[in-house]
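The values are calculated or read from the model by the stated rules, or taken from the named source; none is laboratory data. Because the structure is predicted, anything quoted here is derived from the model rather than measured. A quick note on method: Cβ atoms are made from the backbone with ideal geometry, for glycine too, and the neighbour counts reach across all protein chains shown. In case anyone asks, the SASA skips ligands and DNA or RNA and just uses the protein heavy atoms, side chains included. Shrake-Rupley method; radii C 1.70, N 1.55, O 1.52, S 1.80 Å.
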Amino acid sequence: MRSLKALYIFLFTVLIGCAASVDILSEYDEEVDFNEYKTFMLCLDDFQVDNTQYPNLDNTYVRELIAGEVDKHMTALGYRTNVFSPQLQAGFKIAITEEETFVKNCELDNEFDYWLTCTINTVIYTKETLILYVSDIEKNQVIWQATIPCDLDKSKPGLRKHINTLVDQLFLEFPEVNK
């Protein structure tokens, strides 16, 4: 019983460690005072689907979900939407790349216990990355950006929750604002 309890504690610790390791890359301009800004707008170009060859990963629905989450977080930070004279532009990109790997597939001959045949198969898979950014419109300069690997090939209910989580995680990297 004691060793079983120790095993559960070990597994719990490992799972927590794995869950906490998210590959987020984030950077911001340290010379910028993010409290000086009052207004923002979403980048309208980001509503257009870029990766048309991947309609299950990049589509209008996905982009509307991401834009809604970005808008929600910018507003929660104290910035007001103003399309006529915004100081900031918030936006996102969905980067999709194809990766290729080679897998060795060997069949065992049961009679003699040696490899009957071995083939090398090519497996192609996609990698998706969500990129959020905020730009100073007057300076025409990105002042904050963050990226996270993601999987956008999900059912609508699962996708909504996944995008909420991704955007939440990225905005944890946003510089502190005292509004």
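For region 34-48, which positions are loosely packed, with under 14 Cβ neighbours inside 10 Å and either under 25 Å from the mean Cα position of the chain (by Cα) or in a strand (DSSP E or B) (or both)?
Result: Leu44, Asp45, Gln48.
Mind checking which pairs have a first residue in region 141-169 that is under 10 Å from Ile131 (Cα atoms) and a second that is assigned to a loop (DSSP other than H, G, I, E, B), Cβ under 8 Å, 6 or more apart or different chains?
Every condition considered, the pairs that remain are Ala146/Ile24; Ala146/Glu173; Ala146/Phe174; Thr147/Ile24; Ile148/Val22; Ile148/Asp23; Ile148/Ile24; Pro149/Asp23.
In region 132-155, how many residues are touching a Leu at 6+ places or on another chain (Cβ under 9 Å), outside any loop (DSSP other than H, G, I, E, B) and either open to solvent by 60 Å² or more (accessible area, probe 1.4 Å) or not polar (S, T, N, Q) (or both)?
Going through region 132-155 one residue at a time, the tally reaches 10.
Go through the residues of region 9-27 one by one and say whether even a single one is modelled with pLDDT of 95 or more, open to solvent by less than 60 Å² (accessible area, probe 1.4 Å) and in a helix (DSSP H, G or I).
no
Out of the residues in region 74-108 meeting the condition of being of a type in the set (A, V, I, L, M, F, W, C) and part of a loop (DSSP other than H, G, I, E, B), tell me which one is least open to solvent (accessible area, probe 1.4 Å).
Result: Leu77.
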